[in-house]
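Q: Structure in structure tokens, see below.
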Amino acid sequence: MQRFTQLFIEMDRTKRTSEKVAAMERYFREVPSEDAAWALYFLSGRKLKRLVPSGILHDAIAQITSLPEWIISESYQSVGDFAETLALLFPQSRSEPATITLSQLVSDRMLRLRSIAASKNQRALILQTWNDLDSTQRLVFNKLITSNFRVGVTQTLVIRALAVVADVTPAIMAHRFAGTWEPTADSYARLMTGGDRGDSAGPSIGDLAQPYPFYLAHPLMQPPEDLGTVNDWQIEWKYDGLRAQLIHREQSTLIWSRGDELISGAFPEIAEAAADLPPNTVLDGEIIAWEDDRPLPFALLQRRINRKQVEAALWTDVPVAFIAFDVLEENGNDLREQPLVDRRRKLDELLSQLPPNASIKPAPLLSARTWSDLSQHRLASREHSVEGVMLKRLSSTYGVGRKRGDWWKWKIDPYTVDAVLIYAQGGSGRRSGLFTDYTFGVWDRPDESQGNGGDGRELVPVAKAYSGLTDDEIRQVDRFIRRNTIEKRGPVRIVKPELVFELAFEAIQPSNRHKAGLAIRFPRMNRWRTDKKPEDADTLETLQALLRSTMRENREER
Amino acid sequence: MPELIQQTERGLYCEAGDFHIDPWQPVDRAVITHAHSDHARWGSRAYLAAAGGIEVLRSRLGPDAAIQGIPFNESIGMNDVRVSLHPAGHILGSAQVRVEYQGEVWGISGDYKLQTDPTCDAFEPVACHTFITESTFGLPIYRWKGPEEVFDEMNEWWRENQERRRTSIIYAYALGKAQRILASIDASIGPIIVHGAIARFLGAYEAARIKLPPTHPADPELVKSTRGTALVIAPPSAVNSPWLRKFGRQSSAYASGWMQVRGNRRRANVDRGFVLSDHVDWDGLLSTIRATGAHTIGVTHGYTDQVARYLNEHGINARIYHTRFSDRGEEALEPDESEINHTDTEDTEKNKELDS
């Protein structure tokens, strides 16, 4: 635990990626495999969830500090991070911390918390552990048990450090690490040596259930003309679904999400359709709520996600399809080094063996002779219920991670609405102590007072957003909120309706859970409209009209 | 009969003695606790301050201001009121104000801290009936480590940066904190460069015979020759300024009580946060209140609601005194001085709007 805390401190004290990676390298070289395994587990963003209810932590800190409940909450609001609040409130101790390794901490304390049911015993174990640790160790421990351990590294960086320690390329390490990974000394040792997973070569030696690392597209920022000639590119729709890898073996079919979660159980019809494929086929694609040859809103798909077993009703209610756009393995051969154009041909051959109504379908290809043809396709995205277009270089191999240059996504411009800031709440992490989470409203009806204001219109909340502003703007808005709070309701400030923001969003759908009767998807602050007064903001009618028009589009197309 | 000290539009006012304490608008007679711009405002006809703080105060109020200095613990009469000043331990010349009238004693803390600071006299609790205390860090998450420990860390950080050939940049409040760092850091490690906003107060410290190590202004030749070894002390307003670029590869740090919370440090976008405050922490606040023996506590400047509620729940009669800068405790970082001056008018207008 000392060494892991030391790593936390080293990474916490630098903003430089190279230093963070170097600190991880040193750590992994020094510690025994059983500790390294857990460190890797946490550093790569994995979490032990639901170890202890936060109420128990509240009780424990109240007991040891004799502080009233409300001041603990006030402190939390000021800090913005519960784990850190607990560490700051804990009385400074003078006793030497106990020697306890990370793997011991996990097994003897954290996992035990989950297994003991009585809250009294949980509280006692928490207090005992706090006593056994020094102040920074307590902070790290608290972050681990509240599933809030973050040190500003991505899995890619952790893999880079591990690759150096194991003396292999990051791509090989990424493959060894893909899929389910158990934080044990054995599996860590296998990461280091390759074990029975094999290296670059292929699935014949690899663990057959594990997914290949996903290749990701970059957003296209430059004009497409910069990509050379349009004939070098394969063009597909950019779907708003769930990226997934389908692994079909002799005995089983597994579907992995990009978050390395096994999601086969949620999509039984896809697994069923895969039975008609030859064994040892691996497909890359997008799972989409799908009906009559077109996508349904993402919200419908969400009802299926995160369910291990799906009731039959939901299955028929929300039909889905696996829209395949790549084949990574055919008859047990790793195709990733072959050019896309060849892989796509093989994909079409494979899928032609399936019945026409199968839940696995090839992603349609779009043809474009010129870049302006491509732009036309992109502009038609909304009619096809997609988010834009994908550009993939025909000659490209299947890479690892988000490597620039061969795969691009070119999304359509979002919808926008001008809305007024009405509520604010504190942020967390980097934004703790600042008001950064905002709720925006639009007017319930048009202004009929001809600019005299005050005709009793009301602002109806339509969206929550917290991204899109610069740090400077956040500070300005934060200051405005502090000075213009009309009312405090717990952590929420009701703010004088004065600031207008242009919100961008990707889609709009009816909702009976929201007062406005509609919900907008992926809202973010596009611009602070300092040039607009609150009365100039949009009305609910504008959004309702937009909602009607998108629903009509959907109907007409069918 | 009005209370001995009242809250007015211009600040705390003693009617019996006809003087204000730290008024934020010009008055006839102002008693000043210390020279920070949210306490010492320009334009009053006469000022009273601790003798040791006259020089720094003058650099704030201008050469023509009528400032009378009195030694700590010596009282003077104002009408029938006895007024004396007592060390507050906040910055050079910072004072608490003791006001006595017909046997009733009030203590006004100004800003204060209990930690040792070689640049000012140590805080002394003032026995009183009513004590008005600041509450900038009035939450139990704010409990300070000893300054020795913080300065050990700071020295170590400077040495490590030298090993990596990086210039060390520390952001610190220009008056008080910067000089406290100068007086406490191990100056044998390397050359120290100070920003002009800090250098302008150094003469006053010299006049007060506060021992500070030699420092240099940031002239191009010196900057070049000390890259990778120097410690640069700059006010927070210099963050991201072009002035900093000339120091080459650097590691940055912020020295402030606000650094207790990691989110603040990350938002300040610095590598290190040194928790070094010139304000009293939670434990110190409670122990000081006990030490004064006061039966009534006024809470001002910071987490006023929270401290007053806590005291009332613990059997101590407490109430809130608003100041022009009352929301300061909620500000993410100690505002630097220019910022306070800049936003004054805006503040008042906004407040009026809300009140109306």
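The values are calculated or read from the model by the stated rules, or taken from the named source; none is laboratory data. Here the structure is a predicted model, which is why all the values come from computation and not from measurement. Methodologically, a virtual Cβ is constructed for each residue, glycine included, from the backbone with ideal geometry; neighbour enumeration extends over all protein chains shown.
Q: Taking the residues in region B:219-230 that are in contact (Cβ under 8 Å) with a residue 12 or more places away in the chain and of a type in the set (Gly, Ala, Ser) as candidates, determine which candidate is surrounded by the most Cβ atoms within 10 Å (Cβ to Cβ).
A: B:Ala230
Q: Then there is this: Take the conditions touching a residue at least 60 places away in the same chain (Cβ under 8 Å), over 28 Å from B:Phe137 (Cα atoms) and surrounded by fewer than 22 Cβ atoms within 10 Å (Cβ to Cβ) and apply them to A:Leu51. Does it pass?
A: Considered against the rule, which asks whether it is touching a residue at least 60 places away in the same chain (Cβ under 8 Å), over 28 Å from B:Phe137 (Cα atoms) and surrounded by fewer than 22 Cβ atoms within 10 Å (Cβ to Cβ), A:Leu51 comes out as yes.
Q: Restricting the search to region A:488-518, which residues are free of Cβ contacts under 8 Å to residues at least 24 places away in the same chain and more than 14 Å from chain B (Cβ to nearest Cβ)?
A: A:Arg489, A:Gly490, A:Ser511, A:Asn512, A:Arg513
Q: Taking the condition of being surrounded by 19 or more Cβ atoms within 10 Å (Cβ to Cβ), polar (S, T, N, Q) and under 29 Å from B:Trp157 (Cβ atoms), how many residues in region A:1-48 meet it?
A: 1
Q: Tell me, which helices (runs of 4 or more DSSP H) wholly within region B:179-261 include 1 or more residues that are within 28 Å of A:Thr136 (Cα to Cα) and among the charged types (D, E, K, R)?
A: Those helices (runs of 4 or more DSSP H) do not exist here; none qualify.
Q: Would you be able to say whether some residue in region A:16-29 is modelled with pLDDT of 95 or more and closer than 20 Å to A:Asp134 by Cα?
A: Checking region A:16-29: at least one residue is modelled with pLDDT of 95 or more and closer than 20 Å to A:Asp134 by Cα.
Yes/no matrix, rows are residues, columns are (1) farther than 30 Å from A:Pro497 by Cα; (2) within 14 Å of another protein chain (Cβ to nearest Cβ):
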| position | (1), (2) |
| --- | --- |
| A:Arg369 | yes, no |
| A:Leu379 | yes, no |
| A:Leu391 | yes, no |
| A:Ser396 | yes, no |
| A:Arg402 | yes, no |
| A:Asp406 | yes, no |
| A:Ala419 | no, no |
| A:Ser432 | no, yes |
| A:Gly441 | no, no |
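Q: Among the helices (runs of 4 or more DSSP H) confined wholly to region B:262-321, which include 1 or more residues that are within 14 Å of another protein chain (Cβ to nearest Cβ), aromatic (Phe, Trp, Tyr) and under 27 Å from B:Val150 (Cα atoms)?
A: B:282-292
Q: Could you please find all residues in region B:236-256 being surrounded by fewer than 23 Cβ atoms within 10 Å (Cβ to Cβ), within 21 Å of the chain's Cα centre (by Cα), within 14 Å of another protein chain (Cβ to nearest Cβ) and of a type in the set (Gly, Ala, Ser)?
A: B:Ser237
Q: What are the residues in region B:1-58 that are in a loop (DSSP other than H, G, I, E, B) and among the β-branched types (Val, Ile, Thr), if any?
A: B:Val27, B:Ile32, B:Thr33
Q: Can I ask one more? Which residue, of A:Ser352, A:Ser359, A:Ser385, is in the same structural domain as A:Gln234 (by TED's automatic domain parsing) and farther than 19 Å from A:Glu286 by Cβ?
A: The match here is A:Ser352.
Q: Let me ask something else about it. Checking A:Asp413 against (1) more than 14 Å from every other protein chain (Cβ to nearest Cβ); (2) closer than 19 Å to A:Ala463 by Cβ; (3) more than 23 Å from the chain's Cα centre (by Cα), which test does it fail?
A: Only one criterion is unmet by A:Asp413, namely (3).
Q: Would you point out which residue out of A:Arg493, A:Arg431, A:Arg479 is surrounded by 14 or more Cβ atoms within 10 Å (Cβ to Cβ) and either under 30 Å from A:Leu391 (Cα atoms) or under 23 Å from the mean Cα position of the chain (by Cα) (or both)?
A: When all the criteria are applied, what remains is A:Arg431.
Q: Being in the same structural domain as A:Thr542 (by TED's automatic domain parsing), among the basic types (Lys, Arg) and in contact with a helix residue (DSSP H, G or I) (Cβ under 8 Å, 6 or more places away or on another chain) is the requirement here; does A:Arg493 meet it?
A: On the way: in the same structural domain as A:Thr542 (by TED's automatic domain parsing): yes; among the basic types (Lys, Arg): yes; in contact with a helix residue (DSSP H, G or I) (Cβ under 8 Å, 6 or more places away or on another chain): yes.
When the stated conditions are applied, A:Arg493 passes them.
Q: Follow-up. Residues being among the polar types (S, T, N, Q) and either farther than 12 Å from A:Gly427 by Cβ or outside the structural domain of A:Asn526 (by TED's automatic domain parsing) (or both): count how many of those fall in region A:454-474.
A: Qualifying residue count, region A:454-474: 1.
Q: Return the pairs, sorted by first residue and then second, in which the second residue is of a type in the set (D, E, K, R) and crowded, with 16+ Cβ neighbours inside 10 Å, the first residue lies in region A:3-23 and is within 12 Å of chain B (Cβ to nearest Cβ), the beta carbons are less than 7 Å apart, and the residues are 6+ apart or on different chains.
A: Pairs found: A:Met11/A:Lys20; A:Arg13/B:Asp271; A:Arg13/B:Arg272; A:Thr14/A:Lys20; A:Thr14/B:Asp271; A:Lys15/B:Asp271.
Q: Let me ask something else about it. Given the conditions (1) outside the structural domain of B:Asp186 (by TED's automatic domain parsing); (2) surrounded by fewer than 20 Cβ atoms within 10 Å (Cβ to Cβ); (3) over 27 Å from B:Glu15 (Cα atoms), and given that B:Thr119 satisfies all but one, which numbered condition is not satisfied?
A: Every listed condition holds for B:Thr119 apart from (2).
Q: Here are A:Arg404, A:Arg369: which of them is in a loop (DSSP other than H, G, I, E, B), more than 21 Å from A:Arg243 (Cβ to Cβ) and not assigned by TED's automatic domain parsing to the domain that holds A:Leu459?
A: Values: A:Arg404 fails: more than 21 Å from A:Arg243 (Cβ to Cβ).
Residue meeting the stated conditions: A:Arg369.
Q: Further, regarding this structure: Please find, among B:Glu153, B:Glu134, B:Glu163, the residue that is within 30 Å of A:Glu19 (Cβ to Cβ), in contact with a strand residue (DSSP E or B) (Cβ under 9 Å, 6 or more places away or on another chain) and at pLDDT 95 or above.
A: When all the criteria are applied, what remains is B:Glu153.
Q: Now a separate question. Restricted to region B:4-28, and to residues that are of a type in the set (D, E, K, R) and either in contact with a Leu (Cβ under 7 Å, 6 or more places away or on another chain) or touching a residue at least 60 places away in the same chain (Cβ under 8 Å) (or both), which residue is farthest from B:Thr133 (Cα to Cα)?
A: So in region B:4-28, the residues of a type in the set (D, E, K, R) come out as B:9-10, B:15, B:18, B:22, B:28.
Subsequent filtering for residues that are either in contact with a Leu (Cβ under 7 Å, 6 or more places away or on another chain) or touching a residue at least 60 places away in the same chain (Cβ under 8 Å) (or both) retains B:18, B:22.
Values: B:Asp18: 21, B:Asp22: 14 Å.
Going through the qualifying residues, I end up with B:Asp18.
Q: Now a separate question. Restricting attention to region B:9-31, does a residue exist that is touching a Cys at 6+ places or on another chain (Cβ under 6 Å) and among the aliphatic types (A, V, I, L, M)?
A: no
Q: Does any residue of region B:165-182 turn out to be out of contact with any Lys or Arg (no Cβ under 6 Å at 6 or more places or on another chain) and loosely packed, with under 13 Cβ neighbours inside 10 Å?
A: yes
Q: Quick one: which residue in B:Ile198, B:Ile210, B:Ile141, B:Ile233 is more than 14 Å from chain A (Cβ to nearest Cβ), surrounded by 14 or more Cβ atoms within 10 Å (Cβ to Cβ), within 30 Å of B:Gly302 (Cβ to Cβ) and in contact with a Ser or Thr (Cβ under 6 Å, 6 or more places away or on another chain)?
A: B:Ile210
Q: Something else now. Which count do you get for residues in region A:61-90 that are closer than 21 Å to A:Ser428 by Cβ and more than 7 Å from chain B (Cβ to nearest Cβ)?
A: Counting residues in region A:61-90 that are closer than 21 Å to A:Ser428 by Cβ and more than 7 Å from chain B (Cβ to nearest Cβ) gives 12.
Q: Next question. Is it the case that region A:91-110 has a residue that's farther than 14 Å from B:Leu139 by Cβ and within 9 Å of chain B (Cβ to nearest Cβ)?
A: yes
Q: Select, from B:Ala46, B:Ala40, the only residue that is within 25 Å of B:Phe201 (Cα to Cα) and modelled with pLDDT of 95 or more.
A: Of the residues listed, the single one that is within 25 Å of B:Phe201 (Cα to Cα) and modelled with pLDDT of 95 or more is B:Ala46.
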